[in-house]
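See below for the structure under consideration.
The values are calculated or read from the model by the stated rules, or taken from the named source; none is laboratory data. All values derive from a computational prediction rather than experimental measurement. Here the Cβ positions follow ideal geometry from the backbone for every residue, glycine too, while neighbour counts run over all protein chains shown. Note: areas computed on protein heavy atoms with side chains; ligands, DNA, RNA excluded. Shrake-Rupley method; radii C 1.70, N 1.55, O 1.52, S 1.80 Å.
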Amino acid sequence: RKCIVPPQGSKRNEYRDLWVQRVFVITQEPMPSVRRRVPIKNLQHSICTPLHNAVITLRKKNEEMSSAILVAKESDEPNDLVPLTQNLSGVIDAAVAGGIANYIEAFFDGTYLNSMPIEEPRIAKFKETLEAQLEILNNGLQTFHAKLELNPNLRPLFNHLQTSYSKMVVQLAKGILKRDITVKIKEANY
C-alpha cells in the first residue's frame, strides 16, 4: 500500500515519521557459536509503521510498569519504590518528553489516517493499550500509597502524581477515548 511521508522541509512529527525496520537473521547453527562465522540460512525483514511502533512502545512500558508494581508490592525495602516512582513519574508527569500528548498530535489530528487509511484498525489497539496503561497507572498509584509508610517524605510526590493522573484521565476521556473510561479514580481510597 502507498503511504505519504512528508518532505524534509515540512513540519515533522518524530512519532508520526518513525518507521522501524527489523531484520531477523536465521543462521545454520545456533548462536552463539564457537565458529567465527556462521552461514546465514535466511533473512526476514519486518517494517513497523509509526502507529504500530507506538502500540509496541506502550505495551513495553505497560510491562515495565507492571513489573515495577510487582516488585514494590512484594518488598518492604524503601529502595524498591524507586523503579515504581520513576515509572509513574515518567508516564503521568511526562512534561519533559511530552508523553501521550505527542501520540495525540501524531495520530489523532486527522493527518496520519488521511495519509495511511490502512492503519485505521490499529487505532482501536492503540486505545485499548492506552486504557490498559491507565489501569496499570491506577494500580501503581494504589501500591505507592500503600507503601508510603516506608518513606513518608514521598507524600508530596504521591499527591502530585495523583493530581496529574486525575487530570490525565479526564483529558483522555474528553479527547481521544471520547467516552467514559473504565478506570475508576479512587481518590477516597488513597
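Flag not set for Lys61, criterion: touching a Ser or Thr at 6+ places or on another chain (Cβ under 7 Å) and not hydrophobic (A, V, I, L, M, F, W, C). Candidates are the residues of region 79-118 that are part of a helix (DSSP H, G or I) and open to solvent by 60 Å² or more (accessible area, probe 1.4 Å); the one that is nearest to Glu131 (Cα to Cα) is Glu105.
Residues that are acidic (Asp, Glu) and either on the phi > 0 side of the Ramachandran plot or surrounded by 15 or more Cβ atoms within 10 Å (Cβ to Cβ) (or both) within region 136-151 are absent altogether. All conditions but one from (1) in contact with a Pro (Cβ under 6 Å, 6 or more places away or on another chain); (2) open to solvent by 70 Å² or more (accessible area, probe 1.4 Å); (3) at pLDDT below 90 apply to Asp76; the one that does not is (1).
Every condition in (1) out of contact with any Phe, Trp or Tyr (no Cβ under 7 Å at 6 or more places or on another chain); (2) over 30 Å from Asn139 (Cα atoms) is met by Asp80 except one, and the failing one is (2).
Note on region 77-126: residues that are closer than 19 Å to Lys60 by Cβ and charged (D, E, K, R) amount to 2. Determine the pairs where a residue that is in contact (Cβ under 8 Å) with a residue 24 or more places away in the chain and over 18 Å from Met65 (Cβ atoms), located within region 142-153, has a partner that is open to solvent by 20 Å² or more (accessible area, probe 1.4 Å) and of a type outside the set (D, E, K, R) with Cβ atoms under 8 Å apart, the partner being 6 or more residues away or on another chain. Within 8 Å, the pairs are Leu150/Pro78; Asn151/Pro78. Each residue in region 42-78 was checked for being under 15 Å from Arg22 (Cβ atoms), of a type in the set (S, T, N, Q) and outside any helix (DSSP H, G or I), and 4 of them qualify. Just so you know, in region 98-154 the residues that are under 19 Å from Val169 (Cα atoms) and among the charged types (D, E, K, R) include one that is modelled with the lowest pLDDT, and it is Glu105. Of all residues in region 9-41, those satisfying the criterion of being surrounded by 10 or more Cβ atoms within 10 Å (Cβ to Cβ), in a loop (DSSP other than H, G, I, E, B) and among the hydrophobic types (A, V, I, L, M, F, W, C) are Leu18, Trp19, Val38.
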